[in-house]
Each structure stands twice: as structure tokens, then as C-alpha cells.
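Heads up, the thing below is written out as C-alpha cells.
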Amino acid sequence: RERGLSDLRPAADGAALEKLPRSAVGLAILPLEQGFATASLVVLGEQDILGDRLARAPRRRRNLDDFIAEAASLAAGDLVVHEEHGIGRYEGLETIDVAGAPHDCLKVLYAGDDRLFVPVENIEVLSRYGSEDAGVQLDRLGGAAWQGRKARVKQRIREIAGELIRIAAERQLRPGETLAPPEGVYEEFAARFPYPETEDQLRAIEETLADMASGRPMDRLVCGDVGFGKTEVALRAAFIAAFAGGQVAVVVPTTLLARQHFRSFSERFAGLPVRIAQLSRLVAPKEAKQIKEDLAAGRIEIVIGTHALLAKDVKFAHLGLVVVDEEQHFGVVQKERLKQLKADVHVLTLTATPIPRTLQLALSGVREMSIIATPPVDRLAVRTFVMPFDPVVVREAILRERDRGGQVFYVAPRIADLDEVAGELRKIAPEIRVATAHGRMPAAELEAVMTAFDERAYDLLLSTNIIESGLDIPSANTLIVHRADMFGLAQLYQLRGRIGRSKLRAYAYLTLPEKKKLAPVAQRRLEVMQTLDTLGAGFQLASHDLDIRGAGNLLGDEQSGHIREVGIELYQHMLEEAVAAARTAGGADGLGAPPPEEWSPQITIGTPVLIPEDYVADLSVRLGLYRRIAALADRRESEAFAAELIDRFGPLPPEVENLLQIIAIKRACREAGVERVEAGPKGAVIALRGNRFANPAGLVELIQKHAGTLRLRPDQKLVYLRNWDDEAARLKGVAGIMQTLVRLARAGKSEVAPMPPPPAAALRKAPAAQRA
């Protein structure tokens, strides 16, 4: 590049191209993808040489339920929910004969030993019920109980959605301060960040800054895995708020996290005219009183504290931004106080594992959400082991960490366990220097222990889960958890996040009492922890947590909602639809457009439709591919997916090509309002959804134009008569008629009317059997 066109570098508009001798070939960096030719010049763009881009178009940011789909992959024996038939048990994938051709279907067992076969192209009508299946009754195929239950839940969700939108709309309509970054100084502050920002981190920062400058109060959730750089987003937002003359309150759940944030904020703001204070148990009462006075007088710009910040005697002169770190640790009462504190100020919530309710609000589009899913450069995943307690393994793990110059966290579930574990450690590894920390220690003593551990005066810190939130000690890279079955999923994940924050490989040992039978939920939690050992799994873990525990009532403090009635995925989908509908009904709030109606057309063409076992051998991978294929949104996505399949598994077999074509026909059916297509060697029968069509006049005209081949039966079904002995011709013909109906429907979308009665001429020409 540099050698080829050094004389062109100044010319961004390509004017310097004229300087080239006629025979020269050069390389220039210009904003062109496709080239052009003139009498004396040929310019080749990137796509002329490399071909069209097959990159998948970026999905809408709100389509985050893919994470739940990931966590909800199906296994034989799982309970599933069919949108129309209710709760059944998934029994696996089965290839059956449909219209004379092999077709992969998902087999679902219902009450009374009834079985339902769902074609793979309609896989989206099935969703996973959830992990808890004790005492769940299977529904009866065609029974009324499921429809009644679904209607009840829908009504309740509608009420919840209306209330959520009312709250969100009130917030949107309130004027918020417009805070923009001060030019020059902001860039200098951002340059102090010692690491390269990841793409996700930059996006989260951009979205946060845009919210703060929008003139409406921000309410953004930044969900990033432990150690992925969420604090940097908060630092930049705090800088902007402080330099605009506002005050910033950073609310954290523990004194240790407050201490750490205070240190990191003080380092980053060093030399700037911003006063930072800390308000927690570690601050002496006399100093705390002074800090409160200074806050009320506006002499402190940034305050970092625990729930002490939520006390009634804490007053702010001009609060501009509230940052809530690890929201899941605050109780209902504290959250109510936070709501009052943040009525019309900008709010930024940071979390690695959002609690189910928060995740649900974000997924349903009520709260804005940024995801930081890219790990920092050189970060390695933590190796996790779940095992019965073994003194030999524990000693080896501790000594190995010490010998490579690192430190160890040893976490027990209760303060009462610490003395017993300390005695055990003295026996196992007497040469190790051990420090103890827990929440009931005097503030000065806790501060002294943590400082000494930070300065590497000790090899091992024995503590309760006080270290769980946000603590950053890069030299600590081994974690041992005593009685791991007594911790929650998010707690275990957060504890594991305390290690592996440098370039070294970290190890987590989750120990269990020997010969103790675990409760099923505890067993499931530990299995999830062992499987989620990749970088950036926090959001997936939150999805599992939502799956295991349910989201609870989104408005009150009830912890069990209606998810049990209809299953996690269907509940989520219904909530999203209800929220979108409530937004539309609100009208004036301008919060959204009506949601497209979701339904799944049935297509039978008599061609083999499956991913052959000899093409993709792994069953779970096949199911995942079917799920992705069913969600392909347009031709471009289909082409990108086909390219990916060829890259991963080799040339596409005819059955897979058929499947991709069926999906394209299904998309056309949905747009044209066609509920069912059945095609065979002599033509196709097309059933319209609800016997309605968006352009009835256009349809009548089409029927009259093709009176010999296209007819409307008395039962309102269209009959298209063709000779399609060849399967390929059949697929092509059905795709053609569907595209014609799509064009007609688009032309008449403004008015949806019932189907007209069939023209007398068409009825006269129809065969007697059809007229009957």
C-alpha cells in the first residue's frame, strides 16, 4: 500500500489519480467498494476483486433473546411448550415420510401417550419450558386447558406491560440534563485508560454518551463479564457529569468494592479539578459527617459508597448521574430508595450477571442495554473443577500458585466455618501465610488485612463471599470454594471472576463434602458453572438463572411469576409482544412501532427436507442449525448461512438446499398471509390465513388472468394447477407463485379485507370434486 502510491497519499478525493502515467497500476485507500471505468482509467474496488460481501447484516440491538435460546438448547427428555398445544415432552429428532419424501421432525409426547411431529422448518413454535419439571402435568393434544391458561397469562402480562410502559414513558417524557463531553479534556481523560478498548466496550461508551446527550434521563444497563471493562464506561460517564457541573453517586454493595472504586477513581482523576470522596463503614463517623455536609453544599463532585449513600440524611446539591454497580446485591427496600434518588437523573447500572428481573426488563426492551461480550486482549478463560474436598489436591493447588508468584482466595459460605477451615489449612499447608477477612470485622482491621493482602504480605486470603463483588487483585489466580453447594449460581460466577484478571491461566476448585447427596438445583448450578468456562459467559449464566429461578413479578417483590404456567421462552416472547403493543397503544409517547404478528406457515412439497446425519453427525449441532435456519430473516442471511455451512461441513447436499428454499418460501408465505401450502405432481393448494388477503381486488384480477390454471375453491382455498413431476420444478414453481402473491399483498397492505366470493366463471370451470 505504502510503496504503491506514495504520490497519491494527499488526495482523499482521488484527484491525484490524474498524475499517474497511463500504464501504471497503483493502490489507493479510497471509500469505494465497487469500481468504475472512464476512457483513460479503470478503478477496481474491493468487491470487484473479492466478490460480494456475505457478511451477515448486524441484528437489531434489542434482539437479545438469542442468549436465552443459546441457554435453552433442547435435549431428549426436556419439557417443551408448543404455542398451540401446550406442554409436552421432547423425545428427539425423527425422520418420517411426508408426501413420499424423508422429512426431519421433532417428536413431542403429550398426555394420553399422544405424539406430535413438528417439521424442523417450524421449530420456532416449540420453546423450552424450563429446568424445573417436578410435578408438571403434560397437556392433552387439542384440549382446552392450555388455551385457558395461556389466555390468563396473556391478560396478566398485558397489565404488567402496560404498567412498565407507563413508568418508562413517564421517564422518557421528563426532561433530563443534556450532558456532552468537553472537547479536548475528555479525549485526554480517555487516553489515560492504559488498555486498548474492545469493540464492545467502545460501543457501550458511545451508547452511554449518546443517552447522556439526548436531553432525556438515561436508564442504561451495561452487562459485561467480570473484568471486561465496565468500570471504564462508568469512569467516562462520571467525567462528563462532573465537568458539566453535576454530582455523581456511585452506589456499590460492599465496603471492599467501595474502597477499590475509590482508589481507581482517584488514580484516573488525579490532577483534575474533581473532588472524590468515599462513604462507607471504612470511613470514620467524623469524616462521614463532613462528607455529607460537603455533598449538600456541592463541594464534592463524585462520591463512592455502599448503601450508606441511600440514607435519608444524605443530600445532594446537584445530582446528575447515579452509577449502580452489581445491582443484584441490593434488597427491595434499597432499590425503592434508589428509585427515589434517580427519579429524573441519568442512571447507569453495571452488572456481570444481571438478576432475572433486570435481564427480563432489558430483553423486553423496557430498559436500554449494552453488552460487553469481547474479552480483553490476552485474557485466558478460568479452568473450573467441581470435586469432593481432597486435602492432597487443595495443598497442591495452593503450593503451585505460591510457587508461580501468585496468591489464593479461599472462600467459605459462613463466618462460623472460617475457624474450622483455618485449622484444616494449617494441617494441609503449614508453610502458607494466611489472612482472614469477613464482613463483621472492625472497619480498620478489615482495611489493614486487605491492604496487606494487596501488597502481597500473605499468600492466601481466607474469607466469606465478601470478596465476591468487583475486587481486582491481578496476582490472585487460584480460587478454592468450600461447600460450593451452599452458594448461588451468580455468587459462584462472581467469585470465579475475582481470578484470571491478568494474562496468567487461573484455576477455580469448587469443593463439596464427601459422600453428600446434592439437591437437584444445587447439582444443576454446579453443572452450569463447570460448562460455562468460556470467556464472556456471564450473560449466558444469567439466562440459565432466569431459566432455573424465573423472573418473578417485574413490578412488585414477588419472586415467582407466571413463567411456570407457560414456560420461560414463551413467557419472554409474550412479554415482548405485549410491551411492543402497549408502546403502540400509548401513541403519543413515541416509544415504538406495532410488533409483527408471529405465526408459522405449514409447507408440504414432497421433497426431502433435512440435514443428513452423514453431513452433520452431532445431533445437538443439527438441532442448533435447524433453530438458526428457522430464524433466517432474508435472502442475504440465507446466503451467508449457506456459505458458513459449506465452510464448516463441505458442499451442501440437495436435502439442505431444499430446506433453505423451504425457509425462503415460508418467509414469502408469512408476508403474503398464506397459512398452508400443499404441493404435489399436479399443482398446489394454498390456504390463506383467516381467509383474508391484503389485496382482494388484485387477487380476483390474477385469478381471472390465469383462469385455466389458478382457481378459488368454495372453501376459499386457491388451487394452482401445474405438472410438477420433478421436485426441483415443484420447489421453483411454488416459490414463483408465492412471490406473485407477495407482490400483490404489498400493493394492497393498506386495507386487509375478507376474501371475496369466488367468481362464478372460476366456479363453473372448477372440476366437480373441487366444487363439492
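The values are calculated or read from the model by the stated rules, or taken from the named source; none is laboratory data. Given the structure is predicted, the values throughout are model-derived calculations rather than measurements. Reconstructed Cβ throughout: ideal geometry from the backbone, glycine too, with neighbour counts over all protein chains shown. Ligands, DNA and RNA are stripped out before the accessible areas are found, and what is left, the full protein with its side chains, is counted by its heavy atoms. Shrake-Rupley method; radii C 1.70, N 1.55, O 1.52, S 1.80 Å.
Looking at region 649-666, can you tell me whether even one residue there is under 26 Å from the mean Cα position of the chain (by Cα) and either over 21 Å from Asp726 (Cα atoms) or open to solvent by 60 Å² or more (accessible area, probe 1.4 Å) (or both)? The answer is no; no qualifying residue exists.
Within region 480-492, being modelled with pLDDT of 75 or more, within 13 Å of Arg525 (Cα to Cα) and open to solvent by less than 30 Å² (accessible area, probe 1.4 Å) holds for Ala484, Asp485, Phe487, Gly488, Leu492. Of the residues making up region 146-192, those that are within 25 Å of His318 (Cβ to Cβ), modelled with pLDDT of 70 or more and crowded, with 17+ Cβ neighbours inside 10 Å are Gly176, Glu177, Leu179, Pro181, Phe189. The listed residues are Ile49, Ile68, and the only one of them that is at pLDDT below 85 and surrounded by 13 or more Cβ atoms within 10 Å (Cβ to Cβ) turns out to be Ile68. Scanning region 629-639 for residues that are of a type outside the set (Asp, Glu), assigned to a helix (DSSP H, G or I) and surrounded by 16 or more Cβ atoms within 10 Å (Cβ to Cβ) yields a count of 3. Restricted to strands (runs of 3 or more DSSP E) entirely inside region 373-460, those with at least 3 residues that are open to solvent by less than 30 Å² (accessible area, probe 1.4 Å) and at pLDDT 90 or above are 407-411.
Being farther than 11 Å from Leu350 by Cβ, touching a Phe, Trp or Tyr at 6+ places or on another chain (Cβ under 8 Å) and not basic (Lys, Arg), is that true of even one residue in region 215-225? Yes; the residues of region 215-225 include at least one that is farther than 11 Å from Leu350 by Cβ, touching a Phe, Trp or Tyr at 6+ places or on another chain (Cβ under 8 Å) and not basic (Lys, Arg).
Which of the following residues is assigned to a helix (DSSP H, G or I), at pLDDT below 90, open to solvent by 20 Å² or more (accessible area, probe 1.4 Å) and in contact with a strand residue (DSSP E or B) (Cβ under 7 Å, 6 or more places away or on another chain): Glu569, Glu565? Every option except Glu569 fails the conditions. Output yes when any residue across region 731-743 is more than 30 Å from Leu625 (Cβ to Cβ), surrounded by 21 or more Cβ atoms within 10 Å (Cβ to Cβ) and at pLDDT 85 or above, and no when none is. No; the residues of region 731-743 include none that is more than 30 Å from Leu625 (Cβ to Cβ), surrounded by 21 or more Cβ atoms within 10 Å (Cβ to Cβ) and at pLDDT 85 or above.
Scanning region 76-91 for residues that are small (Gly, Ala, Ser), modelled with pLDDT of 85 or more, in contact with a Phe, Trp or Tyr (Cβ under 8 Å, 6 or more places away or on another chain) and under 30 Å from Val120 (Cα atoms) turns up at least one hit. Hey, can you tell me all the residues within region 279-298 that are closer than 27 Å to Glu445 by Cβ, open to solvent by 30 Å² or more (accessible area, probe 1.4 Å) and of a type outside the set (A, V, I, L, M, F, W, C)? Once the filter is applied, which keeps residues that are closer than 27 Å to Glu445 by Cβ, open to solvent by 30 Å² or more (accessible area, probe 1.4 Å) and of a type outside the set (A, V, I, L, M, F, W, C), region 279-298 yields Arg281, Pro285, Lys286, Glu287, Lys289, Gln290, Lys292. When every residue of region 170-186 is checked against the conditions, none turns out to be closer than 30 Å to Val382 by Cβ and aliphatic (A, V, I, L, M). Residue count for region 193-235 under the criterion of being part of a helix (DSSP H, G or I), open to solvent by 10 Å² or more (accessible area, probe 1.4 Å) and of a type in the set (D, E, K, R): the result is 7.
For region 299-329, the tally of residues that are modelled with pLDDT of 90 or more, open to solvent by less than 30 Å² (accessible area, probe 1.4 Å) and more than 36 Å from the chain's Cα centre (by Cα) stands at 1. Whenever a residue of region 195-218 is over 16 Å from Ile240 (Cβ atoms), its partners that are among the aromatic types (Phe, Trp, Tyr), lying with C-beta atoms within less than 9 angstrom and at least six residues away or across chains, give the pairs Thr198/Phe228; Asp200/Phe228; Gln201/Phe228.
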